[in-house]
1. List every residue pair whose Cβ atoms lie under 9 Å apart, where the two residues are 6 or more positions apart in sequence or sit on different chains, the first residue falls within segment 56-68 and is within 11 Å of VAL86 (Cβ to Cβ) and without any contact (Cβ under 8 Å) to a residue 60 or more places away in the chain, and the second residue, located anywhere, is open to solvent by 80 Å² or more (accessible area, probe 1.4 Å) and not in a strand (DSSP E or B).
2. Give segment 58-114 a look and list any residue that's loosely packed, with under 12 Cβ neighbours inside 10 Å, at pLDDT 90 or above, not in a strand (DSSP E or B) and not hydroxyl-bearing (Ser, Thr, Tyr), or say none.
Amino acid sequence: MWERYMAEVMGLPPRPHHLPSRADVASSQMPNIGAIQAKLLKADFHGCIIKVKECKNTSRIGGEGIVVHETGNTFKVVTRKDKLKVLPKQGTIFIISLPFYSPSSHSQDDDPRIEFELYGNQFRFRAAERAGKKFKAKETIEL
């Protein structure tokens, strides 16, 4: 359900019946990454599958789950083992994956996807605060 929401927010094209080759996709159909990042920043992540790529607390690396609650400083996720985990945003890099095409009845598990890294330090706002806030581009990347 979250992927359908994101496809609508991002304006992803519908999946063609026959997927083009990777070279054709890369050259002609790549979406505007800057526009996607701006939309992603203001999106609601409830229902998103999120994974920890890097974290100051190394025991959290590789942890993933479905976001059930987001605060200014944390994501609360439910894991595959039905455990509730609290993932702090500070000092953490998350990965989310979006379909390249809008999900449809003929979508398949091996359809192309785009992965994004979310830097928790720069993402420390509640979803409602992010939606109405104007952000400036920052070049600082720290863990």
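1. GLY65/ARG80; GLY65/LYS83
2. Those that are loosely packed, with under 12 Cβ neighbours inside 10 Å, at pLDDT 90 or above, not in a strand (DSSP E or B) and not hydroxyl-bearing (Ser, Thr, Tyr): GLY62, ARG80, LYS81, ASP82, LYS83.
The values are calculated or read from the model by the stated rules, or taken from the named source; none is laboratory data. The model shown is predicted, which means the values in this text are computed figures rather than measured ones. Cβ coordinates were reconstructed from backbone atoms using ideal geometry, including for glycine residues, and neighbour counts include every protein chain displayed. These area figures cover heavy atoms from the full protein model, side chains too; ligands, DNA and RNA do not enter into them. Shrake-Rupley method; radii C 1.70, N 1.55, O 1.52, S 1.80 Å.
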